[in-house]
Amino acid sequence: MKVAILGAGNVGRTLGTGLAAAGHEILYAVREPDAPKNAALPGPHSRALPVRDAVAAADAVVLTTPWNAAEAALASAGDFGGKPLLDATNPIGPGFVLTHGHTDSGAEQVQRWAPSAKVVKAFNTTGVENMADPRYGDAKAVMLVAGDDADACAVALRLADELGFEAIRVGGLARARMLEPMAALWITLAMSPAHGRNIAFGLLRRAAPA
Ligand SMILES: NC(=O)c1ccc[n+]([C@@H]2O[C@H](COP(=O)([O-])OP(=O)(O)OC[C@H]3O[C@@H](n4cnc5c(N)ncnc54)[C@H](OP(=O)(O)O)[C@@H]3O)[C@@H](O)[C@H]2O)c1
(Lines give C-alpha, C1' and ligand atoms only; values in the text may rest on other atoms or scores of the structure.)
Protein backbone atom coordinates (compact mmCIF):
# COMPACT_ATOMS: atom_id res chain seq x y z
CA MET A 1 0.00 0.00 0.00
CA LYS A 2 1.15 3.56 -0.66
CA VAL A 3 0.80 5.50 2.59
CA ALA A 4 1.17 9.28 2.62
CA ILE A 5 2.37 10.73 5.90
CA LEU A 6 1.21 14.35 6.17
CA GLY A 7 3.77 15.87 8.59
CA ALA A 8 7.21 14.28 8.73
CA GLY A 9 7.98 14.97 12.39
CA ASN A 10 8.33 12.65 15.37
CA VAL A 11 5.08 10.77 14.79
CA GLY A 12 5.30 10.85 11.01
CA ARG A 13 8.84 9.46 10.87
CA THR A 14 8.14 6.84 13.52
CA LEU A 15 5.02 5.56 11.78
CA GLY A 16 6.83 5.79 8.45
CA THR A 17 9.67 3.67 9.76
CA GLY A 18 7.36 0.97 11.07
CA LEU A 19 5.04 0.92 8.08
CA ALA A 20 7.98 0.81 5.69
CA ALA A 21 9.32 -2.18 7.63
CA ALA A 22 5.91 -3.79 7.15
CA GLY A 23 6.37 -3.43 3.39
CA HIS A 24 4.49 -0.24 2.59
CA GLU A 25 5.73 2.52 0.32
CA ILE A 26 5.88 5.72 2.32
CA LEU A 27 5.21 9.08 0.67
CA TYR A 28 6.14 11.86 3.07
CA ALA A 29 3.87 14.79 2.29
CA VAL A 30 5.97 17.80 3.19
CA ARG A 31 6.04 21.51 2.46
CA GLU A 32 9.69 21.54 1.33
CA PRO A 33 10.57 18.22 -0.31
CA ASP A 34 14.04 19.44 -1.28
CA ALA A 35 14.98 20.80 2.16
CA PRO A 36 17.97 19.11 3.87
CA LYS A 37 15.75 17.95 6.76
CA ASN A 38 13.75 15.88 4.26
CA ALA A 39 16.78 14.38 2.52
CA ALA A 40 16.95 11.17 4.55
CA LEU A 41 13.43 10.20 5.53
CA PRO A 42 13.10 6.66 6.91
CA GLY A 43 11.97 3.75 4.78
CA PRO A 44 13.63 1.88 1.87
CA HIS A 45 11.08 3.04 -0.71
CA SER A 46 10.21 6.35 0.92
CA ARG A 47 10.07 9.68 -0.87
CA ALA A 48 9.42 13.27 0.11
CA LEU A 49 6.81 14.84 -2.13
CA PRO A 50 4.80 18.05 -2.18
CA VAL A 51 1.70 17.53 -0.04
CA ARG A 52 -0.79 17.51 -2.92
CA ASP A 53 1.29 15.04 -4.99
CA ALA A 54 1.78 12.65 -2.08
CA VAL A 55 -1.92 12.63 -1.21
CA ALA A 56 -2.90 12.16 -4.86
CA ALA A 57 -0.58 9.16 -5.21
CA ALA A 58 -1.46 7.49 -1.89
CA ASP A 59 -3.94 4.75 -1.03
CA ALA A 60 -4.24 6.11 2.52
CA VAL A 61 -3.06 9.23 4.35
CA VAL A 62 -1.97 9.67 7.97
CA LEU A 63 -2.29 13.18 9.43
CA THR A 64 0.60 13.86 11.83
CA THR A 65 0.89 17.65 11.93
CA PRO A 66 0.59 19.75 15.06
CA TRP A 67 -3.07 20.53 15.72
CA ASN A 68 -2.62 24.20 14.92
CA ALA A 69 -1.23 23.29 11.48
CA ALA A 70 -3.84 20.68 10.56
CA GLU A 71 -6.32 22.96 8.79
CA ALA A 72 -3.64 24.50 6.56
CA ALA A 73 -2.07 21.13 5.86
CA LEU A 74 -5.40 19.63 4.84
CA ALA A 75 -6.22 22.65 2.68
CA SER A 76 -2.93 22.14 0.84
CA ALA A 77 -3.71 18.46 0.23
CA GLY A 78 -6.40 18.93 -2.39
CA ASP A 79 -9.08 16.33 -3.01
CA PHE A 80 -8.80 13.11 -0.99
CA GLY A 81 -11.17 11.29 -3.34
CA GLY A 82 -12.68 9.18 -0.58
CA LYS A 83 -9.33 7.87 0.67
CA PRO A 84 -8.88 6.90 4.31
CA LEU A 85 -7.43 9.77 6.35
CA LEU A 86 -6.06 8.48 9.64
CA ASP A 87 -6.04 11.35 12.12
CA ALA A 88 -3.24 10.96 14.66
CA THR A 89 -3.43 14.54 15.92
CA ASN A 90 -4.65 15.68 19.29
CA PRO A 91 -6.51 19.00 19.50
CA ILE A 92 -4.39 20.49 22.22
CA GLY A 93 -4.48 24.24 22.61
CA PRO A 94 -2.85 26.83 24.86
CA GLY A 95 -2.55 25.69 28.46
CA PHE A 96 -2.38 22.08 27.30
CA VAL A 97 -6.15 21.68 27.22
CA LEU A 98 -8.28 19.96 24.60
CA THR A 99 -9.96 22.47 22.32
CA HIS A 100 -12.79 20.04 21.45
CA GLY A 101 -14.78 17.67 23.62
CA HIS A 102 -18.09 16.29 24.82
CA THR A 103 -20.13 17.22 21.73
CA ASP A 104 -17.35 17.46 19.16
CA SER A 105 -13.81 16.22 18.59
CA GLY A 106 -10.72 17.14 16.67
CA ALA A 107 -11.36 14.20 14.36
CA GLU A 108 -14.81 15.50 13.49
CA GLN A 109 -13.25 18.91 12.81
CA VAL A 110 -10.71 17.18 10.57
CA GLN A 111 -13.61 15.56 8.71
CA ARG A 112 -15.20 18.98 8.20
CA TRP A 113 -11.87 20.38 6.94
CA ALA A 114 -11.40 17.39 4.61
CA PRO A 115 -14.91 16.40 3.50
CA SER A 116 -13.62 14.31 0.58
CA ALA A 117 -11.72 11.98 2.98
CA LYS A 118 -12.95 9.11 5.11
CA VAL A 119 -11.55 10.14 8.48
CA VAL A 120 -10.54 7.60 11.09
CA LYS A 121 -9.15 8.54 14.49
CA ALA A 122 -6.05 6.41 15.03
CA PHE A 123 -2.58 6.50 16.56
CA ASN A 124 -3.43 9.40 18.88
CA THR A 125 -3.68 7.61 22.24
CA THR A 126 -0.07 6.67 22.74
CA GLY A 127 3.45 8.04 22.37
CA VAL A 128 6.01 7.59 19.63
CA GLU A 129 7.94 5.09 21.76
CA ASN A 130 4.96 2.76 21.56
CA MET A 131 4.46 3.41 17.86
CA ALA A 132 8.06 2.25 17.42
CA ASP A 133 7.54 -0.80 19.63
CA PRO A 134 4.09 -1.57 21.08
CA ARG A 135 5.10 -4.88 22.63
CA TYR A 136 5.44 -5.19 26.41
CA GLY A 137 6.76 -8.68 26.96
CA ASP A 138 4.00 -10.98 25.76
CA ALA A 139 1.42 -8.19 25.85
CA LYS A 140 0.56 -5.70 23.13
CA ALA A 141 -0.40 -2.09 23.62
CA VAL A 142 -3.90 -1.43 22.38
CA MET A 143 -4.65 0.91 19.48
CA LEU A 144 -8.23 2.08 19.49
CA VAL A 145 -9.62 3.49 16.25
CA ALA A 146 -12.89 5.26 15.52
CA GLY A 147 -14.44 6.03 12.16
CA ASP A 148 -17.73 5.99 10.30
CA ASP A 149 -16.51 4.07 7.24
CA ALA A 150 -15.87 0.37 7.81
CA ASP A 151 -13.39 0.04 4.95
CA ALA A 152 -11.36 3.04 6.09
CA CYS A 153 -11.35 1.66 9.64
CA ALA A 154 -10.14 -1.68 8.26
CA VAL A 155 -7.13 0.10 6.78
CA ALA A 156 -6.34 1.74 10.14
CA LEU A 157 -6.76 -1.59 11.94
CA ARG A 158 -4.49 -3.34 9.45
CA LEU A 159 -1.73 -0.75 9.75
CA ALA A 160 -1.93 -0.73 13.56
CA ASP A 161 -1.84 -4.52 13.62
CA GLU A 162 1.20 -4.56 11.35
CA LEU A 163 2.98 -2.19 13.73
CA GLY A 164 2.33 -4.71 16.51
CA PHE A 165 -0.64 -3.18 18.34
CA GLU A 166 -3.80 -4.95 19.41
CA ALA A 167 -6.06 -2.96 17.09
CA ILE A 168 -9.71 -2.43 18.00
CA ARG A 169 -12.45 -0.34 16.40
CA VAL A 170 -14.51 1.38 19.06
CA GLY A 171 -17.26 2.74 16.83
CA GLY A 172 -17.99 5.73 14.65
CA LEU A 173 -15.99 8.91 14.37
CA ALA A 174 -17.85 10.55 17.27
CA ARG A 175 -16.04 8.08 19.55
CA ALA A 176 -12.98 10.26 18.96
CA ARG A 177 -14.59 12.37 21.71
CA MET A 178 -13.40 9.57 23.99
CA LEU A 179 -10.06 8.85 22.33
CA GLU A 180 -8.79 12.43 22.50
CA PRO A 181 -9.25 12.77 26.29
CA MET A 182 -7.62 9.35 26.52
CA ALA A 183 -4.59 10.83 24.79
CA ALA A 184 -4.58 13.70 27.29
CA LEU A 185 -4.60 11.11 30.07
CA TRP A 186 -1.68 9.25 28.48
CA ILE A 187 0.27 12.51 28.20
CA THR A 188 -0.53 13.38 31.84
CA LEU A 189 0.76 10.00 33.03
CA ALA A 190 3.76 10.13 30.71
CA MET A 191 4.79 13.53 32.03
CA SER A 192 4.68 12.28 35.61
CA PRO A 193 8.06 11.22 37.06
CA ALA A 194 6.24 8.26 38.55
CA HIS A 195 5.57 6.81 35.10
CA GLY A 196 7.41 8.35 32.15
CA ARG A 197 6.77 7.73 28.47
CA ASN A 198 7.36 3.97 28.35
CA ILE A 199 3.79 3.22 29.34
CA ALA A 200 0.86 2.13 27.20
CA PHE A 201 -2.81 1.37 27.50
CA GLY A 202 -3.80 -2.26 27.05
CA LEU A 203 -6.90 -4.38 27.52
CA LEU A 204 -6.92 -7.10 30.16
CA ARG A 205 -9.28 -10.00 29.56
CA ARG A 206 -10.38 -12.93 31.71
CA ALA A 207 -10.87 -14.98 28.56
CA ALA A 208 -9.82 -14.72 24.93
CA PRO A 209 -12.30 -12.81 22.75
CA ALA A 210 -14.91 -15.02 21.06
N1 LIG B 1 4.74 13.01 19.84
C2 LIG B 1 3.91 12.03 20.25
O3 LIG B 1 4.31 11.12 21.01
C4 LIG B 1 2.50 12.03 19.77
C5 LIG B 1 1.69 10.90 20.02
C6 LIG B 1 0.40 10.85 19.53
C7 LIG B 1 -0.11 11.92 18.80
N8 LIG B 1 0.69 13.02 18.59
C9 LIG B 1 0.12 14.11 17.77
O10 LIG B 1 0.74 14.00 16.49
C11 LIG B 1 0.93 15.29 15.92
C12 LIG B 1 2.40 15.47 15.55
O13 LIG B 1 3.21 15.37 16.70
P14 LIG B 1 4.80 15.34 16.53
O15 LIG B 1 5.34 15.13 17.89
O16 LIG B 1 5.17 14.40 15.44
O17 LIG B 1 5.09 16.84 16.04
P18 LIG B 1 6.39 17.40 15.28
O19 LIG B 1 7.56 16.53 15.57
O20 LIG B 1 6.44 18.85 15.58
O21 LIG B 1 6.06 17.18 13.72
C22 LIG B 1 5.05 17.89 13.08
C23 LIG B 1 5.36 17.91 11.59
O24 LIG B 1 4.26 18.57 10.93
C25 LIG B 1 4.82 19.26 9.83
N26 LIG B 1 3.91 20.31 9.35
C27 LIG B 1 3.50 21.42 9.99
N28 LIG B 1 2.67 22.11 9.19
C29 LIG B 1 2.57 21.43 8.02
C30 LIG B 1 1.88 21.64 6.80
N31 LIG B 1 1.08 22.71 6.62
N32 LIG B 1 2.02 20.74 5.82
C33 LIG B 1 2.80 19.65 5.98
N34 LIG B 1 3.49 19.37 7.12
C35 LIG B 1 3.37 20.28 8.13
C36 LIG B 1 6.13 19.83 10.34
O37 LIG B 1 6.94 20.06 9.24
P38 LIG B 1 8.02 21.23 9.16
O39 LIG B 1 9.31 20.56 9.56
O40 LIG B 1 7.97 21.64 7.74
O41 LIG B 1 7.60 22.31 10.11
C42 LIG B 1 6.62 18.67 11.21
O43 LIG B 1 7.46 17.81 10.48
C44 LIG B 1 0.40 16.30 16.94
O45 LIG B 1 -0.91 16.66 16.59
C46 LIG B 1 0.43 15.52 18.25
O47 LIG B 1 -0.57 15.97 19.17
C48 LIG B 1 1.97 13.10 19.05
*Does residue 120 count as open to solvent by 30 Å² or more (accessible area, probe 1.4 Å) and within 12 Å of the chain's Cα centre (by Cα)?*
no
*Just a yes or no: is a residue in the stretch 143-158 surrounded by fewer than 24 Cβ atoms within 10 Å (Cβ to Cβ) and over 15 Å from residue 86 (Cα atoms)?*
no
_Among the listed residues 204, 189, identify the single one that is assigned to a helix (DSSP H, G or I) and either farther than 18 Å from residue 100 by Cβ or not charged (D, E, K, R) (or both)._
189
*For residue 76, are the conditions met, namely being near the ligand (Cβ under 10 Å from one of its atoms) and open to solvent by 20 Å² or more (accessible area, probe 1.4 Å)?*
yes
*Where residue 175 falls short, out of the listed (1) touching a residue at least 40 places away in the same chain (Cβ under 8 Å); (2) within 22 Å of residue 187 (Cβ to Cβ); (3) in a helix (DSSP H, G or I); (4) within 14 Å of the chain's Cα centre (by Cα)*: (4)
_All strands (runs of 3 or more DSSP E) inside the stretch 83-172 with 3 or more residues being at pLDDT 95 or above and within 16 Å of the ligand (Cβ to nearest atom)_ = 84-87, 118-121, 142-147
*In the stretch 1-22, which residue that is more than 17 Å from residue 84 (Cβ to Cβ), away from the ligand (no atom under 12 Å from the Cβ) and without any contact (Cβ under 8 Å) to a residue 60 or more places away in the chain is most open to solvent (accessible area, probe 1.4 Å)?*
21
*Identify all residues within the stretch 60-73 that are in contact (Cβ under 8 Å) with a residue 60 or more places away in the chain and either β-branched (Val, Ile, Thr) or surrounded by fewer than 20 Cβ atoms within 10 Å (Cβ to Cβ) (or both); write none if there are none.*
62, 69
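The values are calculated or read from the model by the stated rules, or taken from the named source; none is laboratory data. None of the values given here were measured: they were computed from a predicted structure. Positions of Cβ are backbone-derived with ideal geometry, glycine not excepted, and every protein chain shown enters the neighbour counts. Keep in mind that these areas ignore ligands, DNA and RNA; they rest on the heavy atoms of the full protein, side chains included. Shrake-Rupley method; radii C 1.70, N 1.55, O 1.52, S 1.80 Å.
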